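In what follows, a single structure is set out as structure tokens and then discussed.
The values are calculated or read from the model by the stated rules, or taken from the named source; none is laboratory data. A quick note: this is a predicted structure, and the numbers were derived from the prediction, not measured. Every residue, glycine as well, gets a Cβ built from its backbone with ideal geometry; the counts of neighbours run over all protein chains shown.
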Amino acid sequence: MTRKLHFRTDAITTRLHTDPISETVFFAGRYPQKAAKEYLLLLDNLESNAEYKGMDLDRLKIVSAVVHKGTKLERFTPRAMGRASPKIDTLIHVELIAQERYSE
């Protein structure tokens, strides 16, 4: 499943710090609310697609998560004295692949 999202994916990974010795630590203050909301919507969509295909949701495991660069939205922001500055937004494609894992 591929979904076009309009945010930077490294925003989540830069806000999380994982250390093998300690637990996952969230930085105090700001965090990427819009990016996290889009990822949660993507996970909900993945879950509903798996349920539609008849997969067991308790044994579902994400085996691959890939992010690809998408198209660029090129616009212009008006400035003083009749000038304009370019505003370029880059879209991304997030691909999640999940499989059922059987316990041994």
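Could you tell me whether segment 51-69 includes any residue that is in a helix (DSSP H, G or I) and either among the basic types (Lys, Arg) or under 14 Å from the mean Cα position of the chain (by Cα) (or both)?
Within segment 51-69, one or more residues are in a helix (DSSP H, G or I) and either among the basic types (Lys, Arg) or under 14 Å from the mean Cα position of the chain (by Cα) (or both).
Could you list, in sequence order, all residues of segment 71-104 that are modelled with pLDDT under 90 and basic (Lys, Arg)? Write out each step before concluding.
Of all residues in segment 71-104, those modelled with pLDDT under 90 come to 101-104.
Answer for segment 71-104, where residues must be modelled with pLDDT under 90 and basic (Lys, Arg): just Arg101.
Among the residues of segment 62-104, those identified as over 17 Å from Leu42 (Cβ atoms), touching a helix residue (DSSP H, G or I) at 6+ places or on another chain (Cβ under 8 Å) and surrounded by 10 or more Cβ atoms within 10 Å (Cβ to Cβ) are Glu100, Arg101.
Filtering Ile21, Ile12 for residues that are at pLDDT below 65, exposed (fewer than 10 other Cβ atoms within 10 Å of the Cβ) and either over 29 Å from Thr90 (Cβ atoms) or not charged (D, E, K, R) (or both) leaves a single hit, Ile21.
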